[in-house]
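Participant: Structure in structure tokens, see below.
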Amino acid sequence: MSSDSKITINPYLQLVFDNLIEDLKIFSIVIAQDEMYFSTLFTKDDLTITETKFCIAIGVLSERLKYYNTALKFYSKALRFAFSKYVFIRKIKIFNKLKDYKNVMSHLVQFLSYIPADNFKIVNKTPCWIDKILLSILAEHQINEIISWISDAGKHIIDFILKRIIQKYKYWIDNGHDIHILRA
């Protein structure tokens, strides 16, 4: 046996290791920062563009490390000062992972409220991520309960959720679809 033999690592696995190491470096830097900065960030009346990007970046990192409540705080702070479809969707998905279905629906309604009412007539298909989320909610709660959560939403949003999305699931169930397989 020669002493020159080396162990080779699959390049994809090496990429995973490198990303994890970078994430841990960033997270350790954030944790080591002065707590005073973070408390002022959460109480500040206005954020700069850099601070908003920072909130989103730390939210993404916290989510990847499964610190969901921390991610929600940073995402919420960023959304107060800038609209981001990506951040809205991330918040909705986190609430779904936490099984906080009432917040999922309220944030989904809030997200849909940014879409003009005329555009709801154009939509023929629901995005897959909305389908998965509503399927998981319908598996746990009754339609009447869901309607009560969104009762203060605009009529076009309620009609969209009830007539387009929920009716689609009822059709699937009535035709023998194994809807439990699709649960997120």
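Derivation of every value follows stated rules applied to the coordinates shown; laboratory data play no part. Because the structure is predicted, anything quoted here is derived from the model rather than measured. Glycine also receives a Cβ, built like all others from the backbone with ideal geometry; neighbour counts cover every protein chain displayed.
Participant: For ALA82 and GLN142, compute 0.36 nm times the residue count separating them, minus their Cα-Cα distance, and round to one decimal in nm. The partial results should precede the final answer.
Facilitator: Numbers: separation 60, 0.36 × 60 = 21.60 nm, distance 3.41 nm.
Extending this stretch completely gives an extra 18.2 nm.
Participant: Taking the Cα-to-Cβ direction at LYS102 and at LYS155 and moving 7 Å from each Cα, how far apart do the two end points lie in nm?
Facilitator: 2.8
Participant: Set the Förster distance to 30 Å, then compute FRET efficiency between ASN69 and THR8 from the Cβ-Cβ distance, nearest 0.05. Don't skip to the answer; put the middle values down first.
Facilitator: Working: r = 40 Å, r/R0 = 1.35.
Working from the Cβ atoms, E equals 0.15.
Participant: Can I ask one more? Output the pairs from LYS77/LYS163; LYS66/LYS155; LYS53/LYS132; LYS53/LYS163; LYS66/LYS168; LYS85/LYS163 with a Cα-Cα distance over 26 Å in this structure; if there are none, say none.
Facilitator: LYS77/LYS163; LYS66/LYS155; LYS53/LYS132; LYS53/LYS163; LYS66/LYS168
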